[in-house]
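The values are calculated or read from the model by the stated rules, or taken from the named source; none is laboratory data. Everything numeric in this text was worked out from a predicted model, so none of it was measured. A quick note on method: Cβ atoms are made from the backbone with ideal geometry, for glycine too, and the neighbour counts reach across all protein chains shown. SASA here: full protein model, heavy atoms, side chains in, ligands and nucleic acids out. Shrake-Rupley method; radii C 1.70, N 1.55, O 1.52, S 1.80 Å.
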Amino acid sequence: MINHLNLNKIFTITSRSQKYILFLFIIVISVGLLEALILSPEDYKQSDAVRIMYVHVPSAWISLGIFSLISFLSFFGLVFKIKNFTIISKSFAPSGFLFCLIALVTGSIWGKPTWGTWWAWDARITSMLILLIFYFIYILSWKIFSEKDKAFKISSYISIIGIINIPIIKFSVDWWSTLHQPASVNFMSETSIHSSMLFPLTIMTAAFALFSLLIFLMKYNTELIRIKNKGLDRL
Amino acid sequence: MYGKKVKLRILFLLSTLILFSLIIFLFLKSLDKNVVYFISPTDIKSLPELSKKKIRVGGMVKKNSLVVDSEKINFVITDFKNEIQVTFSGTVPNLFSEEKGVVAEGYLKDRNFLIAKKILAKHDENYMPPEVKEALEGNK
């Protein structure tokens, strides 16, 4: 799929772009945090507790997004035997796992003062926990199967089956009565977050996306170095 | 266009995916009532029998129904069709107030009375600054 020349070219791009992404990330997260923690107004009901939302919601979005990406790439990687796709998936997994964990932990911290409980076995929270377990098994599958071909296949199968969970998470609040409130940001209908609060939310999402991209580039670079060291001229 | 093997792989993956979706769908469908976190006062009215088990009832705290005394608080949960009286002693979460969502966990005494062991506030999907809220209420 990719010959030696291309491999070197990709490597140059992924190494050089890192510092620009890092620079951009620092700017965006600074603006985002300033907006989220200081400039944005407090909520009429939750007052300052609402600020947890600016970490909680973007992390959840990013972790869902990365898992969907992993699933699609793995699917096409398996079908067309494109190993590069699978390696991209592998490199995205750690940041997805991290953001999934952040979403659950911040949700728990937010839940205690507002709902009155750290944890509830409602559909949204449980399905999010299942996503975390899927991430965990996906990452683990790369570690336990030393045989490369086996690891490629099994991890891809895990991520493809895991995609079923994504719509369940998304629509859990509509299908069942849950303690978790329904979605506030909708593409089809009106958004129920005031624009002054939506702005920091968007900035924080961009910041987290950039962070994921940065971690991805580092991980992907490591994978490329590993391939190069093995003297393999193709992915 | 694509080789036979590619087509077979697509077929294999898609049918596996459909199979698993179906399994999960049937699994969730059989769980049915157990997936929901709470039931409404209307659901309680239509229960065939009262169980001794702990249940969760959710709805709105009815306006002007909240009575707080030194030992316990009493209020009414409504889903605007049916209501249930709730009594509770303990601390309530910050967002608990009249005309807001609530989930009460406890034991049914009868179809109209719940002895709550735990109160959870359920908040809605609306977020806005206090000034906007005031302006909205001014418009009403």
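Within segment B:104-127, identify whether any single residue is of a type outside the set (Ser, Thr, Tyr), in contact with a helix residue (DSSP H, G or I) (Cβ under 8 Å, 6 or more places away or on another chain) and either farther than 17 Å from B:Val76 by Cα or within 7 Å of another protein chain (Cβ to nearest Cβ) (or both), and answer yes or no.
We begin by selecting, within segment B:104-127, every residue of a type outside the set (Ser, Thr, Tyr); these are B:104-106, B:108-126.
Filter once more, keeping what is in contact with a helix residue (DSSP H, G or I) (Cβ under 8 Å, 6 or more places away or on another chain): B:108, B:111, B:121, B:123.
Remaining after also requiring either farther than 17 Å from B:Val76 by Cα or within 7 Å of another protein chain (Cβ to nearest Cβ) (or both): B:121, B:123.
Yes, segment B:104-127 contains a residue that is of a type outside the set (Ser, Thr, Tyr), in contact with a helix residue (DSSP H, G or I) (Cβ under 8 Å, 6 or more places away or on another chain) and either farther than 17 Å from B:Val76 by Cα or within 7 Å of another protein chain (Cβ to nearest Cβ) (or both).
Out of the residues in segment A:135-147 that are of a type outside the set (Asp, Glu) and not in a helix (DSSP H, G or I), state the one that is nearest to the chain's Cα centre (by Cα).
By that ranking, first place goes to A:Phe145.
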Restricted to segment A:32-45, and to residues that are in contact with a helix residue (DSSP H, G or I) (Cβ under 6 Å, 6 or more places away or on another chain) and crowded, with 19+ Cβ neighbours inside 10 Å, which residue is farthest from A:Ile215 (Cα to Cα)? A:Tyr44
Conditions first: (1) more than 12 Å from every other protein chain (Cβ to nearest Cβ); (2) more than 29 Å from B:His123 (Cα to Cα); (3) part of a helix (DSSP H, G or I). B:Leu17 passes all but one, so which condition is the exception? (1)
Could you say which residue among B:Ser65, B:Ser51, B:Ser70 is open to solvent by less than 40 Å² (accessible area, probe 1.4 Å), in a loop (DSSP other than H, G, I, E, B) and more than 13 Å from chain A (Cβ to nearest Cβ)? B:Ser65
Has segment B:116-138 got any residue that is farther than 25 Å from A:Trp119 by Cβ and touching a residue at least 12 places away in the same chain (Cβ under 8 Å)? no
Within segment A:96-127, track down each residue that is within 14 Å of chain B (Cβ to nearest Cβ), within 26 Å of A:Ser71 (Cβ to Cβ), touching a residue at least 24 places away in the same chain (Cβ under 8 Å) and of a type in the set (A, V, I, L, M, F, W, C). A:Ala123, A:Ile125
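Give the residue that is least open to solvent (accessible area, probe 1.4 Å), with candidates limited to residues of segment B:37-48 that are farther than 20 Å from B:His123 by Cα and in contact (Cβ under 8 Å) with a residue 60 or more places away in the chain.
Residues of segment B:37-48 farther than 20 Å from B:His123 by Cα: B:42-48.
With the extra rule that they be in contact (Cβ under 8 Å) with a residue 60 or more places away in the chain, the set shrinks to B:44-45, B:47.
Numbers: B:Ile44: 0, B:Lys45: 72, B:Leu47: 56 Å².
Looking at residues that are farther than 20 Å from B:His123 by Cα and in contact (Cβ under 8 Å) with a residue 60 or more places away in the chain, I get B:Ile44.
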Residue selected from segment A:188-235 under the condition modelled with pLDDT under 85 and of a type in the set (Val, Ile, Thr), by the criterion most open to solvent (accessible area, probe 1.4 Å): A:Thr191
Complete set of residues in segment B:31-47 that are in a loop (DSSP other than H, G, I, E, B) and facing chain A (nearest Cβ under 10 Å): B:Val35, B:Val36, B:Tyr37, B:Phe38, B:Ser40
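Any chance you could count how many residues in segment B:73-96 are away from chain A (no Cβ under 11 Å) and either of a type in the set (A, V, I, L, M) or open to solvent by 30 Å² or more (accessible area, probe 1.4 Å) (or both)? Show your work before the answer.
We begin by selecting, within segment B:73-96, every residue away from chain A (no Cβ under 11 Å); these are B:73-78, B:80-89.
Narrowing the set further to residues that are either of a type in the set (A, V, I, L, M) or open to solvent by 30 Å² or more (accessible area, probe 1.4 Å) (or both) leaves B:73-74, B:76-77, B:80-86, B:89.
Selection size over segment B:73-96: 12.
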Quick test of your reading of the structure: A:Ile62 fulfils all but one of (1) more than 14 Å from chain B (Cβ to nearest Cβ); (2) surrounded by fewer than 17 Cβ atoms within 10 Å (Cβ to Cβ). Name the failing condition by number. (2)
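This table checks each residue for (1) in contact (Cβ under 8 Å) with a residue 40 or more places away in the chain; (2) within 14 Å of another protein chain (Cβ to nearest Cβ); (3) in contact with a helix residue (DSSP H, G or I) (Cβ under 6 Å, 6 or more places away or on another chain).
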position	(1), (2), (3)
A:Phe11	yes, no, yes
A:Lys19	no, no, no
A:Ser30	no, no, no
A:Met53	yes, yes, no
A:Phe85	no, yes, yes
A:Ile88	yes, no, yes
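Take residues that are farther than 30 Å from A:Ile38 by Cα and away from chain B (no Cβ under 12 Å) and tell me which of the helices (runs of 4 or more DSSP H) falling wholly in segment A:148-235 contain 3 or more. Steps first, please.
Numbers: elements: A:148-162, A:165-175, A:195-229.
By residue number, A:148-162, A:195-229.
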Residue list for segment B:105-140, restricted to those being surrounded by 13 or more Cβ atoms within 10 Å (Cβ to Cβ), assigned to a helix (DSSP H, G or I) and of a type outside the set (Lys, Arg): B:Pro130, B:Val132
From the list B:Glu49, B:Glu71, B:Glu131, which one is within 30 Å of A:Asp48 (Cβ to Cβ) and not basic (Lys, Arg)? B:Glu131
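Which one of A:Phe99, A:Phe92, A:Phe76, A:Phe80 is under 26 Å from B:Thr16 (Cα atoms) and crowded, with 18+ Cβ neighbours inside 10 Å? Steps first, please.
Working: A:Phe99 fails: under 26 Å from B:Thr16 (Cα atoms); A:Phe76 fails: crowded, with 18+ Cβ neighbours inside 10 Å; A:Phe80 fails: crowded, with 18+ Cβ neighbours inside 10 Å.
Checking each option against the conditions leaves just A:Phe92.
On the basis of being modelled with pLDDT under 95, open to solvent by less than 20 Å² (accessible area, probe 1.4 Å) and of a type in the set (Val, Ile, Thr), does A:Thr86 make the cut?
Values: modelled with pLDDT under 95: yes; open to solvent by less than 20 Å² (accessible area, probe 1.4 Å): yes; of a type in the set (Val, Ile, Thr): yes.
Spelling it out, A:Thr86 is indeed modelled with pLDDT under 95, open to solvent by less than 20 Å² (accessible area, probe 1.4 Å) and of a type in the set (Val, Ile, Thr).
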